[in-house]
Amino acid sequence: MSLTVINGLPAHVLFVHFVIVFVPLLALALVVCAAWPRSARKLGVVLPLLGLVTLASVPLATHAGEWLESHVGTDPLIQKHADLGDGMLPWAVGLFLLSVLVWWATRRAAATEGGQTRTWLTSALVRYAVLGACLVVSVGAVIDVYRIGDSGAKAAWHDNYSKSAVQHG
């Protein structure tokens, strides 16, 4: 087993599913936690850990995809998919950094609530700015995952199946 081939099959086909699942899951959790700090307190360290797993899955899928790209024929659809895939890492970095910020800010705000000390973290303006950033990055990341996945499916399946049902036995 390597980071490019698993059981004789291209690893990209497996690794891409981590990105497809974790990016929207983290995006949803991030927005919920930014909007409702109580949910961030309940999730605790799970939010930044999910961000870390999501971030790690992107270069893993990209590396395996680059290997696969070098082992298939040249096709404009594959090139488009590869180009789009190269743009996912900044979104994943943004999701990760925001997940750490929301987790840290929620912990910090909870610690100061007992002493009734008002900090910049409890400011409504800051909370709304962080929520806005979480919404923008989350929506952008999910849209990008969709675009990348759609282009990958088109590259893999165009003209590779029968348009009509095939009779078996």
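The values are calculated or read from the model by the stated rules, or taken from the named source; none is laboratory data. Quantities reported herein were computed from a predicted structural model and do not represent experimental measurements. Heads up, the Cβs are rebuilt from the backbone with ideal geometry, glycines too, and the neighbour counts pull from every protein chain shown. Quick note on the areas: whole protein, heavy atoms, side chains included, nothing else; ligands and nucleic acids left out. Shrake-Rupley method; radii C 1.70, N 1.55, O 1.52, S 1.80 Å.
Condition first: in contact with a Pro (Cβ under 7 Å, 6 or more places away or on another chain) and surrounded by 16 or more Cβ atoms within 10 Å (Cβ to Cβ). Can you find one or more residues in region 55-68 that meet it? Yes; the residues of region 55-68 include at least one that is in contact with a Pro (Cβ under 7 Å, 6 or more places away or on another chain) and surrounded by 16 or more Cβ atoms within 10 Å (Cβ to Cβ). Leu97 fulfils the conditions (1) open to solvent by less than 20 Å² (accessible area, probe 1.4 Å); (2) within 21 Å of Leu135 (Cα to Cα); (3) aliphatic (A, V, I, L, M) except for a single criterion, (1). Residue check: Gly132 meets all listed conditions (1) more than 21 Å from Val16 (Cβ to Cβ); (2) at pLDDT 75 or above; (3) outside any loop (DSSP other than H, G, I, E, B); (4) open to solvent by 50 Å² or more (accessible area, probe 1.4 Å) but one, namely (4).
The set of residues in region 1-35 that are among the polar types (S, T, N, Q) and surrounded by 22 or more Cβ atoms within 10 Å (Cβ to Cβ) is empty. Residues that are more than 18 Å from Ser151 (Cβ to Cβ) and of a type outside the set (Val, Ile, Thr) within region 1-17 comprise Met1, Ser2, Leu3, Asn7, Gly8, Leu9, Ala11, Leu14, listed in sequence order. Looking only at residues in region 100-125 that are open to solvent by 50 Å² or more (accessible area, probe 1.4 Å) and not in a helix (DSSP H, G or I), the one that is modelled with the highest pLDDT is Gly114.
Could you tell me which residue of region 42-79 is modelled with the highest pLDDT, considering only residues that are more than 22 Å from Phe22 (Cα to Cα) and charged (D, E, K, R)? If we take residues in region 42-79 being more than 22 Å from Phe22 (Cα to Cα) and charged (D, E, K, R), then Glu69 is modelled with the highest pLDDT.
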